[in-house]
Amino acid sequence: MLKILNNLTATLIFSLVLAIIMIVGLGMHSAGGFDLIFLHGVLRWLHVIFGILWVGLLYYFNFVQMRVMPEIPAEMKPAVTKYIAPEALFWFRYSALFTVIAGLGLAWARGYIAEALSFGFAGGFYPADLPLAFIGIGMWLALIMFFNVWHVIWPAQRIALGIHEAAPEAKAAAAVKAMRFSRINVLLSLPMLAVMAMYQTLFG
């Protein structure tokens, strides 16, 4: 067991095997078996996993890295900017991508993607469509956050971290830009998560 725990890849593979066993067991004992509802469950599982990684890294950057960086001695900062931050940003942007793909896939599989993205107006906006307006708001907040990750935060961080060569003033300006848009994503994250977490419980 220690061999597995001492190696992250081995730990993840073992965890995935256990998860697949659970998923197959759930399918075998659910009323519809491995039907469309089962697919919804798998997509929701993937959506949650990638979402946890995405938002977890967003909170890590804001609650830990950016807050503590000014206190780190100058000679130690390259350890963060050259090694930790680029690796974290890789997982950050791709977890955002796969969160969105899984979420849109789930909305499409459940048949409400158009109604949700149009806040219920695609279906005529009857009173019964109001819950779809809420999930639509959550989806659009997540899409704005996704856009910020790939088209603002990551390009700015590439300059700020020196991945792309730039003058010191440009690096400083890029760091501020990345920080501000990362804070925008933190601001949007709580209402987005409120909708995502509560919609399924309240409306099924």
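Structural remarks
- Annotation note: of Gly51, Gly41, Gly120, the sole residue that is buried (at least 19 other Cβ atoms within 10 Å of the Cβ) and within 21 Å of the chain's Cα centre (by Cα) is Gly51.
Results for (1) of a type in the set (Phe, Trp, Tyr); (2) in a helix (DSSP H, G or I); (3) under 18 Å from the mean Cα position of the chain (by Cα), shown as yes or no for each residue.
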{"site": "Thr81", "(1), (2), (3)": "no, yes, no"}
{"site": "Pro86", "(1), (2), (3)": "no, yes, yes"}
{"site": "Tyr94", "(1), (2), (3)": "yes, yes, yes"}
{"site": "Trp108", "(1), (2), (3)": "yes, yes, no"}
{"site": "Gly111", "(1), (2), (3)": "no, no, no"}
{"site": "Pro131", "(1), (2), (3)": "no, yes, no"}
{"site": "Gly138", "(1), (2), (3)": "no, yes, yes"}
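- Residue match in region 2-10 (condition: outside any helix (DSSP H, G or I) and either of a type outside the set (Val, Ile, Thr) or exposed (fewer than 14 other Cβ atoms within 10 Å of the Cβ) (or both)): yes
- Within region 164-186, the set of residues being open to solvent by 50 Å² or more (accessible area, probe 1.4 Å), within 22 Å of Phe90 (Cα to Cα) and either at pLDDT 90 or above or assigned to a helix (DSSP H, G or I) (or both) comprises Lys171, Ala172, Ala173, Val176, Lys177, Met179, Arg180, Phe181, Arg183, Ile184.
- The single condition from (1) out of contact with any Leu (no Cβ under 8 Å at 6 or more places or on another chain); (2) assigned to a helix (DSSP H, G or I); (3) open to solvent by less than 100 Å² (accessible area, probe 1.4 Å) that Gly32 fails is (2).
The values are calculated or read from the model by the stated rules, or taken from the named source; none is laboratory data. Predicted model only: the values in this text are computed from it and were never measured. For neighbour counting, all protein chains shown are included, and Cβ atoms are generated from backbone atoms with ideal geometry for every residue, glycine included. Heavy atoms of the whole protein, side chains included, go into the accessibility calculation; ligands, DNA and RNA do not. Shrake-Rupley method; radii C 1.70, N 1.55, O 1.52, S 1.80 Å.
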